[in-house]
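Computed from the coordinates by the stated procedures, all read-outs in this text should not be read as laboratory data. Keep in mind the model is a prediction, meaning the values are calculated, not measured. With ideal geometry, Cβ positions are generated from the backbone for all residues, glycine too; neighbour counts draw on all protein chains shown.
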Amino acid sequence: MSIKSICCIGAGYVGGPTMAVIAKKCPQIKVTVVDINEKRIAAWNDPDVDNIPVYEPGLGEIVADARDKNLFFSTDVDRAIDEAEMIFISVNTPTKTYGEGKGQAADLKWIELCARQIAKVAKGDKIVVEKSTLPVRTASTLKDILTHTGNGLNFQILSNPEFLAEGTAVEDLLDPDRVLIGGEQSPEGEKAIQALVDIYAQWVSRDKILTTNVWSSELSKLTANAYLAQRVSSINALSELCEHTEADINEVARAIGADSRIGPKFLKASVGFGGSCFQKDILNLVYISRSYGLNEVADYWEQVIIMNDHQKRRFAKKIIRTLYNTVSGKKITFLGWAFKKDTNDTRESAAIYVADHLLNEQSSLSVYDPKVTEEQVFTDLDYLDTRSPEENRKALKVIKDPYKACENSHAVAILTEWDEFKDYDWQRIYDSMLKPAHIFDGRNLLDKEALRKIGFQVHAIGTAD
Ligand code: NAD
Ligand code: UGA
């Protein structure tokens, strides 16, 4: 079976880039990405690709290349479902904020809505692909809804989780470590799996395309994120010990990473991991484990989150302690607000929580990020509901020029590892700050010795001051 028409429901950080790459690599397939968010679709269709809603290096060029040839963005969900032979579901699956499982379970209401809409609209058999990250066994719920509310059609459900990381999405999609496809172990299931394998095989070597049963695929996605996050929490736990013992976390990371069984990646100590997925997926894993009565398993993974929360709080407290135990009325400048470099995404960014802590201590904050808008910074803070929107706007200013942002501040804190920060004229920044001038490097990004020579008091994660 050779697929000619694909629809993707959800034009977000995953749906947009993933489908753009499929469209680029498979010019014979018509790819339509749909979303209920009209503003988002309009932005994807903006003639100036600098205005597409997801910032990712290299994405603009790919969209410009394929858009309106075989890549389309639309709000007409029904039509796209009807026309497609294969439908990817790539909608958001955040942590539940209400009812049973509040604060831990994944909220699957958008997934269920998609299934009901597909069942309602479809006039022919379809392959439905779970691209969103979902709790293990969700495919059986989808199958149930599609079979019982549909028009007696045949639906095959595949799990095809996405492993791209933001900031390197295009690279990751063009050259993935692996593609994972889970499907039903039946002749129809095998046929559906093959149809999706054939799409990826247009640019991914066959030995990197792994096929499994649906449940292994669903669980592997949660597991991969849990393992990655666990590495960050492990190195962050040790960073605190380093600060007390004069061991240097960067040296420790290099020494342990040289062991090929451990490997050098994901050993960067930081102010704490952020992003839309690590926390949500681990909480989901914790919830699922507990719902099977596996309390030790749940407690084990929950510790990764507890450590991460501690790391964010610890960073804020260190700033306060260093500035003579009070930041009231003192100006502190944040360089970076995104949860990592090369993305405009701020979901669960450590910066939000560190800012909240400092604002509670009546600090006055100034924020510069090369890609995050002022509107987004305030949306993030207002969402916490700690202070009124007016109070947030009074205490925090978003400044478009980094040098201006740092002027007259007592301290600069690095919250995101944007490369440009390394190239700043730090002497100029030092001269414009109040003395003693402090730098709190939450990313171990800057050259400590060079900054100390200028006169800065440097406080980095995982090294003694
Ligand atoms: P997102 O919030 O950026 O995008 C989701 C989009 O789905 C939104 O634009 C929303 O309007 C749309 N949507 C919701 N319900 C809809 C409906 N019924 N019909 C049409 N559109 C609808 O989310 P995202 O970051 O793209 O993540 C999507 C999924 O992919 C999540 O399950 C996430 O865990 C997973 N994932 C994300 C990443 C990542 O880096 N962001 C990586 C791998 C996997
Ligand atoms: C992560 C995974 O890396 C992807 O494989 C996965 O597809 C994705 O989640 C998802 O499911 O959403 P992402 O969150 O985009 O990708 O970015 P990462 O590079 O994993 O970084 C996550 C957070 O950990 C960032 O805040 C980053 O700064 C932090 N981090 C990462 C560290 O603090 N230290 C490290 O060594 C690595």
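Below, the figures for the structure above:
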| item | result |
| --- | --- |
| Three-way shape call for the range 165-300 based on the alpha-carbon gyration tensor, with the a/c threshold at 1.5 | oblate |
| Residues ILE41, ILE235, ILE461 arranged by fewest to most Cβ contacts within 10 Å | ILE41, ILE235, ILE461 |
| The range 310-377 and the range 206-251: distance between their alpha carbon centers, rounded to Å | 25 |
| Degrees between helix 109-121 axis and first principal axis of the chain (Cα, 0 to 90, nearest 10) | 20 |
| Footprinting exposure proxy for LEU238, LEU173 (fewest neighbouring C-beta atoms within 10 Å first) | LEU238, LEU173 |
| Rounded if a/c under 1.5, otherwise prolate or oblate - the range 420-465, Cα gyration tensor axes | oblate |
| Rounded tilt (10° steps) of 350-360 against the dominant C-alpha axis of the chain | 50 |
| Electrostatic dipole magnitude of the range 266-321 [Cβ: Lys, Arg +1; Asp, Glu -1; Cα centre; debye, to 20] | 540 |
| Rounded to 10°, Cα long-axis angle of helix 15-25 versus longest principal axis of the chain | 60 |
| Convex hull volume of the chain per residue (C-alpha atoms, cubic angstrom) | 156 |
| MET433, MET19, MET1, MET307 arranged by Cβ crowding within 10 Å, fewest neighbours leading | MET1, MET307, MET433, MET19 |
| DSSP bridge pairs, the chain: antiparallel proportion in percent, nearest 5 | 5 |
| Within the chain, longest stretch free of exposed GluC sites (Glu not before Pro) [DSSP loop, at most 15 other beta carbons within 10 Å] | 247-465 |
| Over the range 327-371, relative contact order from alpha-carbon pairs under 8 Å, at least 6 apart, % | 56 |
| Approximate shape of the range 250-394 as ellipsoid semi-axes (Cα gyration tensor, √5λ), whole Å, largest first | 30, 20, 16 |
| Given charges at Cβ of Lys, Arg, Asp, Glu: the chain dipole, positive-most of PHE440, ASN308, HIS244 | HIS244 |
| Hull shadow area, averaged, the range 100-170 [alpha-carbon convex hull, nm²] | 6.2 |
| Student exercise, the chain dipole from Lys, Arg, Asp, Glu Cβ charges, in Debye to nearest 20 | 460 |
